[in-house]
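*Asks:* Let me begin by handing over the structure; questions about it come next.
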Amino acid sequence: MRIPFIAGNWKMNLTHLEAIQFIQDLGYEFKNKNNIDVCICPPFTALRSVKNIIDADKLSIKIGAQNMHWEESGAFTGEISPLMIAALGMDYVIIGHSERREYFFETNDIVNKKVKIAFKHSLKPIMCVGESLAIRESGKAKEFVLGQVTECLKDMDIKNIFDLTIAYEPIWAIGTGKNATSSDANDMCSAIRNKVADLYNNSAAELLRIQYGGSVKPSNITELMAMPDIDGALVGGASIKVEDFTAIINY
Ligand code: 13P
């Protein structure tokens with residue numbers, strides 16, 4: 001049985017001081033629930049402060065970074081290495097978010113390298129895929145997303161697949177208030193699961209957690225989570241409001 005997994009992607013929001021306030025408030029609302037995995041992904045500058053509070057208050061909340069480089073060290077001004085993220089005690093790392101792909105030109109090849117190095121350092125990747133509106137309207141969304149899955153997982157060892165999460169985030173649904181219908185989202189998540197079965201095997205596909213992301217809110221989470229192939233959500237805007245994120249976790 002797959003344990004539901006809700007993650008919050010804060011994107012470029014909240015200073016470390018605001019993040020401290022947030023995690024204290026969230027911790028107050030939510031303690032030691034054990035039928036769901038919850039993760040928050042603050043900006044790099046807040047990771048340490050938030051992690052300290054999670055540890056000190058023994059909160060059953062996981063924490064992840066939103067990105068990292070694929071090299072361990074070197075002359076990459078402004079970048080953060082997987083070694084640094086692992087040394088902070090992070091559980092997860094988001095890889096290949098559509099905003100990274102769009103604004104920072106990350107390709108499937110780069111995503112593949114980052115996912116591989118994440119596993120090397122025992123960081124669990126949340127690997128993002130999703131199509132643009134133009135691709136959806138052209139009727140090629142499945143082909144495109146399954147192509148992303150195949151290229152991003154190229155030469156990936158099967159033992160790693162058990163610690164992978166794939167987030168299906170249709171770009172046209174991100175931050176727009178327009179979410180995919182739960183049956184459309186489920187349809188794509190199911191196609192992703194079948195693709196992973198083809199690439200690996202049925203038991204890897206059965207254990208793989210697939211999240212939906214794109215305008216997830218307290219008002220649509222229940223319907224999304226009722227779908228058989230949607231195992232969780234990657235939440236943007238609603239994850240930086242304690243009340244909304246708590247309502248989503250308690251769907
Ligand atoms: P929104 O929930 O704000 O649409 O963002 C989704 C997202 O990009 C999460 O990674």
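*Asks:* Might you let me know whether segment 129-138 holds any residue that is within 22 Å of T45 (Cβ to Cβ) and open to solvent by less than 40 Å² (accessible area, probe 1.4 Å)?
*Replies:* Taking every residue of segment 129-138 in turn, none turns out to be within 22 Å of T45 (Cβ to Cβ) and open to solvent by less than 40 Å² (accessible area, probe 1.4 Å).
*Asks:* Oh, and also: Out of D184, D155, report the one residue that is surrounded by fewer than 20 Cβ atoms within 10 Å (Cβ to Cβ), assigned to a loop (DSSP other than H, G, I, E, B) and among the acidic types (D, E).
*Replies:* Result of the check over D184, D155: D155.
*Asks:* Only one of these conditions is not met by V196: (1) in a helix (DSSP H, G or I); (2) within 16 Å of the ligand (Cβ to nearest atom); (3) touching a strand residue (DSSP E or B) at 6+ places or on another chain (Cβ under 9 Å). Which number is it?
*Replies:* Evaluating V196 over (1) in a helix (DSSP H, G or I); (2) within 16 Å of the ligand (Cβ to nearest atom); (3) touching a strand residue (DSSP E or B) at 6+ places or on another chain (Cβ under 9 Å) leaves (2) as the failure.
*Asks:* Right, another one. If you go through segment 104-118, how many residues are touching a helix residue (DSSP H, G or I) at 6+ places or on another chain (Cβ under 9 Å) and surrounded by 14 or more Cβ atoms within 10 Å (Cβ to Cβ)?
*Replies:* 10
*Asks:* Considering only residues that are outside any helix (DSSP H, G or I) and surrounded by 13 or more Cβ atoms within 10 Å (Cβ to Cβ), which ones fall in segment 119-128?
*Replies:* The answer is H121, L123, K124, P125, I126, M127, C128.
*Asks:* Does segment 86-103 hold any residues that are surrounded by fewer than 24 Cβ atoms within 10 Å (Cβ to Cβ) and part of a loop (DSSP other than H, G, I, E, B), and which are they?
*Replies:* L88, G89, D91
*Asks:* Quick one: which of K217, K178, K241, K140 is away from the ligand (no atom under 16 Å from the Cβ) and more than 18 Å from V93 (Cα to Cα)?
*Replies:* The match here is K140.
*Asks:* Another question, if that's okay. In segment 1-50, how many are surrounded by 18 or more Cβ atoms within 10 Å (Cβ to Cβ) and in a helix (DSSP H, G or I)?
*Replies:* The number of residues fulfilling the criteria is 8.
*Asks:* Separate question: Answer yes or no as to whether S190 is of a type outside the set (D, E, K, R) and either within 16 Å of H97 (Cα to Cα) or in a helix (DSSP H, G or I) (or both).
*Replies:* Yes.
*Asks:* State which residue is farthest from the chain's Cα centre (by Cα) when the search covers only segment 212-235 and only residues that are open to solvent by 40 Å² or more (accessible area, probe 1.4 Å) and of a type in the set (S, T, N, Q).
*Replies:* S219
*Asks:* Let me ask something else. Could you give me the residue pairs with C-beta distances under 7 Å whose first residue belongs to segment 54-66 and is within 16 Å of K124 (Cβ to Cβ) and part of a strand (DSSP E or B), whose second residue is hydroxyl-bearing (S, T, Y) and at pLDDT 95 or above wherever it lies, and which are 6+ apart or on separate chains?
*Replies:* Pairs that qualify, where the first residue is within 16 Å of K124 (Cβ to Cβ) and part of a strand (DSSP E or B) and the partner is hydroxyl-bearing (S, T, Y) and at pLDDT 95 or above, are K62/Y92; G64/Y92.
The values are calculated or read from the model by the stated rules, or taken from the named source; none is laboratory data. Quick caveat, the model's predicted, so the values are computed rather than measured. So basically every Cβ, Gly included, is an ideal-geometry build from the backbone, and we count neighbours across all protein chains shown. Side chains are part of the model used for accessible areas, which takes the heavy atoms of the whole protein and leaves out ligands, DNA and RNA. Shrake-Rupley method; radii C 1.70, N 1.55, O 1.52, S 1.80 Å.
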